[in-house]
1. Using every pair of alpha-carbon atoms in region B:74-174, split the distances into 10 Å bins beginning at 0 and state the percent of pairs per bin, rounded to integers.
2. Straight-line reach from B:Lys70: which lysines fall under 17 Å, measuring Cα to Cα and dropping same-chain residues less than 8 apart?
3. Span-like helices, chain B: DSSP H, alpha-carbon axial extent 15 Å or more, mean Kyte-Doolittle 0.0 or greater, which ones?
4. Along its three principal axes, how long is region A:80-187 when you only count alpha carbons? Whole Å, largest extent first please.
5. Considering amide H positions built from the backbone, and no H for Pro or chain starts, which residues 5 or more places from B:Asp180, or on another chain, come under 5 Å of its amide H?
6. What residue among B:Val310, B:Val250, B:Val178 shows peak mean-square fluctuation when chain B is described by a Gaussian network model with Cα springs under 10 Å?
7. Any idea which of B:Ser114, B:Gly280, B:Ala80 is furthest toward the positive side of the dipole for the protein assembly as shown, if Lys and Arg beta-carbons carry +1 and Asp and Glu beta-carbons -1?
8. Have a look at region B:203-293 and give its Rg and Dmax from the Cα atoms, expressed in angstrom.
Amino acid sequence: MAERERRHARPRGTVFVPRTQLLTSEDVDRAVRRMAHEVIERNVHIEDLVVIGLQTGGVPFAQRVAAELIDIARRPVEEGLLDVAFYRDDVSLHPVLESAETIIDVDLTDRTVLLVDDVLYTGRTIRAALNALSDWGRPRSIQLAVMVDRGHRELPIRPDYVGKNLPTAKGEAIDASLSGVWIGTLVAK
Amino acid sequence: MIDSLAGENLISLETLSQTAMLEVLDHAELFAEVNSRTVRKVPTLKSRVVASLFFEESTRTRLSFETAAKRLSADVLSLAVASSSVKKGESLRDTIATIDALGIDAVILRHHSSGAASQVARFVPHVRVINAGDGQHQHPTQGLLDVFTVRQVLAERSGTNARESGSELFRGLHVLIVGDLRHSRVARSDAWAYSRLGAEVRVCGPGTLLPDDLSAWPVTLETNFDDALQWADVVGVLRLQKERGTGSLVPSLDEFTASFGMTKQRVQRLRSSTLITHPGPMNRGVEIDSWAADHANCLVERQVANGVAVRMAVLYLALSGARVEGEINE
């Protein structure tokens with residue numbers, strides 16, 4: 001669960017209590033580098049790529065992936081930030097989420113978009129992101145990279161690049177950052 | 001005191017905490033970004049119905065609210081009072097009940113009676129009420145867009161990020177509100193907005209246009225207008241409300257202009273950084289000189305442009321509270 005959601009999950013202000021560390025920061029590093037190589041392998045025209053991080057959990061991963069791509073391809077890669085709060089289908093279902101900045105300075109028409117998020121769960125955030133991206137043009141294709149795929153999809157959405165597949169129970173929570181991946185539970189303060 | 005506008009009515013700024021005000025301003029920054037895109041529309045309030053009920057003349061506030069609602073993809077029901085049953089003598093309560101029966105989520109209300117908005121909020125507790133000006137009471141979105149615009153300009157000048165600055169830029173800011181304070185709901189909203197964010201607010205105007213009792217206002221009275229102008233970082237000029245009988249409370253419009261108008265001479269004497277705001281519509285040549293109105297430090301046009309973003313933030317927050325319990329899914 002992204003940090004943003006966690007802070008506002010019902011009841012307001014629940015905290016993530018880690019149980020086990022599943023990946024260390026070195027594991028995360030290696031996974032991100034592998035994903036970057038896979039992106040290069042799949043995309044011959046790396047200059048068409050726009051790497052967009054989903055606020056807020058996906059942003060550090062997007063920056064790290066973009067840095068790796070630049071490092072490998074030795075070419076500039078365009079980056080952006082997207083917050084999907086205004087595109088969610090459950091606006092009345094939960095308290096207002098803290099919204100974050102959206103910065104996309106590129107016309108996405110005919111570009112290849114690489115969406116990056118920390119945890120893929122129900123797929124609803126990605127659904128909202130796909131809707132949002134269409135407001136910036138008509139990308140040739142959109143690919144999805146996630147650090148952790150924890151299952152429990154509610155929509156027909158699948159990632160193109162996965163850092164780690166982690167089967168989880170619904171009651172569990174995942175915390176993924178550049179410093180590592182933990183499994184735990186959400187507890188009221 | 002309201003600490004977050006989420007799921008709440010916006011009736012008055014007097015009961016809105018600093019946290020809640022900053023929540024609106026920060027969301028408005030995000031909606032300003034939406035308004036700068038090629039596609040200036042987000043699906044956030046799709047299938048929500050927002051009724052706009054204006055029992056009093058207004059073009060800019062009404063257009064601003066309706067534009068805001070449409071950019072959030074809400075459906076807008078617009079009641080033109082002039083051609084409605086209100087003219088046949090229908091009461092406010094019955095008008096609201098009729099519109100409520102059509103199924104609405106929010107109502108934007110402009111009414112000539114002070115307190116109309118809170119009354120409507122009691123009639124239809126399940127509908128979110130946004131006050132778009134009630135009599136001589138409050139005009140909260142105008143107050144919010146004024147502080148939003150001032151924060152935006154101050155942030156640009158100091159090279160800071162407006163969202164990250166919070167209320168910092170208002171600390172110790174000198175705000176002078178001048179003109180028809182007696183009739184102005186904008187003055188009442190501005191006074192609370194600026195003072196709650198940490199600014200020092202003074203007011204100035206002819207004795208006949210002061211409210212009977214200023215003690216409930218978070219302001220101090222200033223008697224020397226020209227000294228006050230030197231003190232001020234922001235001058236909030238109010239419109240002389242001729243339609244509310246202000247004309248008979250001043251000896252003549254020229255007299256008012258000479259004593260309390262933002263004339264060219266007065267604007268030229270201001271410090272170069274002093275900002276001028278005006279809620280519009282302007283009476284050019286009365287409370288503000290035409291030259292002053294087009295001055296670079298006069299923020300009127302930015303206020304109008306920002307009005308849409310601020311009203312989007314208000315509608316978004318008011319309508320997106322947790323009215324239905326549900327799980328959050330990633």
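1. Using 10 Å bins, I get a P(r) of 13, 35, 23, 18, 11, 1 for region B:74-174.
2. Filter leaves B:Lys41, B:Lys46.
3. Length and hydropathy pass: B:18-35, B:140-158, B:300-319.
4. Result for region A:80-187: principal-axis Cα extents of 41, 32, 28 Å.
5. Under 5 Å from the amide H of B:Asp180 lie the amide H atoms of B:Leu238, each far enough along the sequence or on another chain.
6. Result: B:Val250 has the largest fluctuation of those listed.
7. B:Ala80
8. 12.9, 35
Each reported figure results from applying straightforward, stated rules to the coordinates on display, with no laboratory input. From a predicted model like this one, the values you see are computed outputs, not experimental measurements. Ideal geometry is used to build each Cβ from the backbone, glycine not excepted, and the neighbour counts take in all protein chains shown.
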